[in-house]
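**Q** Below you will find the structure I want to go over with you.
Bear in mind that the values in this text are calculations on the coordinates, not laboratory data. Keep in mind that this is a model prediction, so the values were computed, not measured. Note that each Cβ is placed from the backbone with ideal geometry, even for glycine, and that neighbours are counted across all protein chains shown.
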Amino acid sequence: MTEADGRYLTFSRDEWADLRAATPLTLREADLQELRGLTDRIDLDEVAAIYLPLTRLLNLYVAATQNLHKVSAAFLGTLAPKVPYVIGVAGSVAVGKSTFARILQALLARWPDHPQVGLVTTDGFLHPNAVLAERGIMNRKGFPESYDTRRLIEFLRELKSGASQASAPVYSHVVYDIVEGDEVVVNRPDILILEGLNVLQVGGADEFVSDYFDFSIYIDADESHIEEWYVQRFLKLCETVFQDPNSFFQNYAHLSHDEAVATARGIWREINGKNLRENIAPTKTRASLLLRKGLDHRVTDVSLRRL
């Protein structure tokens, strides 16, 4: 354990893995197969070494927070409403946020103290394509200005106020747009995981998305590594999702390998890499926990913010 940054305690992979203690591995290979993304190669060793210590820590934090709510209610002479513990997961496109969030959800839901674990992505809070086109920012989808931040904050406010349920819009990666008339309903979970690019973003508003987080995680890696992961994912999408006749990106489906690589690198250079450098990476020191990945996608070290 080191203290290179006074705000964080940094653990090597092995040091972090030791903090698992007796936490049982409740996922099987078949479960993991369903949770992996298109190009993710995460295995049960990674789950045991990285995720299990994290779920042990979060279980302790959730219990402490729930107890604090009870103490406050007792002091005020009121009943403590059930309020979800909100975990934010941030990081670049292609860094593995979605797979990470799904695995974390599955593991946390297996703890007896908090079986109801919701997962919502901020993609659903993107403005519809028609709005982005009207504002001339279709090529900035994923940048802070492309999100309906007010609607996202309202969603979190409802959950944190103890509302019985809250709804979020649904985004389709096939049609590359909000699905009109569809929504995901969250029914007062014990824990809510909110995953997205800019969830730690701050700006000129009086209220931030991260104000509603109890804990936040940033998944980090060298930009050169993330770009390679993005290129590999793009190639895989050309073989799969882009083949769908309804796909917004069907015109990419028949690119040659070299054309697809060139296209992916161009998108990274003009959009995703730029967004990472300008908006996403600068927010990482606001996270409660930093997970640093190597080229093989395995976490090399973990930094935990001091309380």
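**Q** Looking at this structure, is ILE103 crowded, with 18+ Cβ neighbours inside 10 Å, out of contact with any strand residue (DSSP E or B) (no Cβ under 6 Å at 6 or more places or on another chain) and within 17 Å of LEU58 (Cβ to Cβ)?
**A** Yes, satisfied.
**Q** Using the structure shown, decide if TYR218 is touching a Lys or Arg at 6+ places or on another chain (Cβ under 7 Å), closer than 20 Å to THR99 by Cβ and crowded, with 17+ Cβ neighbours inside 10 Å.
**A** So TYR218 fits the description; yes.
**Q** Taking region 234-263 on its own, how many of its residues are in contact (Cβ under 8 Å) with a residue 24 or more places away in the chain and either touching a helix residue (DSSP H, G or I) at 6+ places or on another chain (Cβ under 9 Å) or among the aromatic types (Phe, Trp, Tyr) (or both)?
**A** So the count comes out to 10.
**Q** Also, quick follow-up: Taking into account only those residues within region 142-157 that are within 17 Å of the chain's Cα centre (by Cα) and closer than 19 Å to ILE271 by Cα, which is surrounded by the most Cβ atoms within 10 Å (Cβ to Cβ)?
**A** So, considering only residues that are within 17 Å of the chain's Cα centre (by Cα) and closer than 19 Å to ILE271 by Cα, the one surrounded by the most Cβ atoms within 10 Å (Cβ to Cβ) is TYR147.
**Q** Let me ask something additional. For region 75-83, check the following and say yes or no: at least one residue is touching a residue at least 12 places away in the same chain (Cβ under 8 Å) and touching a strand residue (DSSP E or B) at 6+ places or on another chain (Cβ under 9 Å).
**A** The answer is no; no qualifying residue exists.
**Q** Anything in region 121-155 that is over 22 Å from GLY88 (Cβ atoms) and outside any helix (DSSP H, G or I)? List them, or say none.
**A** PRO128, ARG135, GLY136, ILE137
**Q** Quick one: what pairs do we get from region 184-198, first residue surrounded by fewer than 20 Cβ atoms within 10 Å (Cβ to Cβ), second assigned to a loop (DSSP other than H, G, I, E, B) and hydroxyl-bearing (Ser, Thr, Tyr), C-beta under 6 Å, 6+ apart or different chains?
**A** From region 184-198, the pairs are ARG188/SER164.
**Q** Another one. Quick check, is VAL231 touching a residue at least 12 places away in the same chain (Cβ under 8 Å), out of contact with any helix residue (DSSP H, G or I) (no Cβ under 9 Å at 6 or more places or on another chain) and more than 21 Å from ILE193 (Cα to Cα)?
**A** Criteria not met by VAL231.
**Q** Counting only residues that are in contact with a Ser or Thr (Cβ under 8 Å, 6 or more places away or on another chain) and buried (at least 23 other Cβ atoms within 10 Å of the Cβ), how many does region 74-84 have?
**A** 0
**Q** Could you list, in sequence order, the residues of region 15-57 that are small (Gly, Ala, Ser), under 17 Å from the mean Cα position of the chain (by Cα) and over 20 Å from ALA109 (Cβ atoms)?
**A** If the condition is that a residue be small (Gly, Ala, Ser), under 17 Å from the mean Cα position of the chain (by Cα) and over 20 Å from ALA109 (Cβ atoms), then no residue fits.
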